[in-house]
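Here the structure is laid out as structure tokens; the discussion comes afterwards.
Any read-out appearing in this document is the output of simple, stated calculations on the displayed coordinates, not a laboratory observation. Quantities reported herein were computed from a predicted structural model and do not represent experimental measurements. Positions of Cβ are backbone-derived with ideal geometry, glycine not excepted, and every protein chain shown enters the neighbour counts.
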Amino acid sequence: MGEIDPAFIQSIEQRPKLTVTDPGEIPVIDLSALDSGAVDLLVADIGKACEEWGFFQVINHGVPLEVVRRIEAAMKEFFDQSIDEKRKVKRDEAKAMGYHDSEHTKNVRDWKEVLDIAVEDPMVISASPDPQDQELTEYHNQWPEYPPEFRKIWKEYAGETEKLAVKLLELISLSLGLAGDRLIEFFQGQTSLIRLNRYPPCPWPELALGVGRHKDPGALTVLFQDGVGGLEVKRKADGEWVGVKPIPNAYIINVGDVIQVWSNDKYESVEHRVVANSEKERFSIPFFFFPAHHVNVKPLEELTNTENPPKFEEYNWGKFMATRNRSDFKKQAVENIQIHHFRVSEQ
Ligand code: OGA
Ligand code: NI
């Protein structure tokens with residue numbers, strides 16, 4: 001055989017990859033099936049989406065549109081104020097809820113500003129990461145003075161999204177073959193929070209990210225986004241970053257690390273990030289559904305057996321959060337604590 005012309009090899013390599021099946025976009029699930037009684041099919045669809053993507057969008061989710069419009073308007077009014085006004089509700093080591101504009105992911109500044117508000121006020125959480133120290137502490141919300149109706153609007157929004165989160169938790173439990181109410185007990189005294197995100201236009205969109213790649217630590221994230229787009233998900237099928245197409249008034253749902261551990265890796269928590277936009281500002285509102293501080297997270301007994309032994313050591317949610325909060329404030333050049341630190345080593 002003669003030599004192969006290198007130019008020929010290059011031309012093959014540059015040909016677009018042939019895809020046998022298009023791995024596609026994240027699934028869209030219609031929750032109106034909950035009212036029509038076709039719950040079995042819905043549960044199967046949700047299970048498939050959790051397994052194949054870790055992400056899905058929901059439509060006909062029951063959160064009234066006017067409630068969403070009101071929180072959107074209120075958050076815009078809040079963020080439109082001067083930095084000095086916003087810093088009146090600034091987050092610090094003692095007050096973990098509030099405003100901040102320099103979130104760090106892997107020690108890189110994210111291009112965004114944030115207002116965090118806890119669903120339970122006060123939120124009860126472990127005081128220190130030290131496992132010997134049983135002391136608890138309380139986080140209190142810091143409410144902006146402006147706009148004046150902010151607190152009322154936020155509470156109304158929180159109530160509605162929490163209902164959606166609980167509904168989804170039930171559907172996910174059912175999809176794992178568990179009773180619908182199997183997981184809700186872990187949320188009595190929840191540490192959930194709602195984060196209002198504003199991503200300002202970025203003059204160097206190639207150099208910055210709205211949020212760097214990460215996985216969400218909690219059980220579920222229930223996120224509302226506006227029409228701008230920018231959220232990208234690492235597709236499990238091929239490892240490509242795919243954009244989550246904004247669907248007006250849909251919610252984006254993703255499985256977090258806690259569900260990955262409970263399900264013993266059946267439903268993986270998937271990496272995602274937000275790319276920056278040079279022209280438009282973007283708003284998003286994640287509800288982070290987090291368990292109570294005393295919950296020890298471990299693979300559920302019903303989902304493990306001798307063939308499928310637990311893949312994670314048990315860890316305490318409150319200590320896990322306290323460790324993360326500490327590293328956020330110390331800005332340590334160390335990796336945040338992650339569930340893979342609890343992974344049982346393969347023999
Ligand atoms: C997050 C997150 C995505 C978004 O805050 O954890 O992934 O679209 N946000 O704002
Ligand atoms: Ni996230």
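Laid out as a table, the results:
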item	result
From phi via Karplus (6.51, -1.76, 1.60), per-residue ³J(HN,Hα) for region 142-147 in Hz, x at Gly/Pro	10, 8, x, 6, 10, x
Amide H contacts of S192 (H built 1.01 Å from N, under 5 Å, at least 5 apart or other chain)	V119, E120, F290
Amide H partners (placed H, <5 Å) of F312, local residues excluded	V344
Compactness index (Cα Rg / 2.2 N^0.38 Å), the chain	1.05
Karplus-derived 3J(HN,Hα), 6.51/-1.76/1.60, for each residue of region 203-208, Hz, glycine and proline x	x, 10, x, 7, 9, 10
Cβ crowding within 10 Å averaged over residues, with 117-130, 80-93 ranked highest first	117-130, 80-93
Environment charge at V222 (Cβ cut-off 15 Å; Lys +1, Arg +1, Asp -1, Glu -1)	-1
Among beta bridges that DSSP assigns inside the chain, antiparallel share in %, nearest 5	90
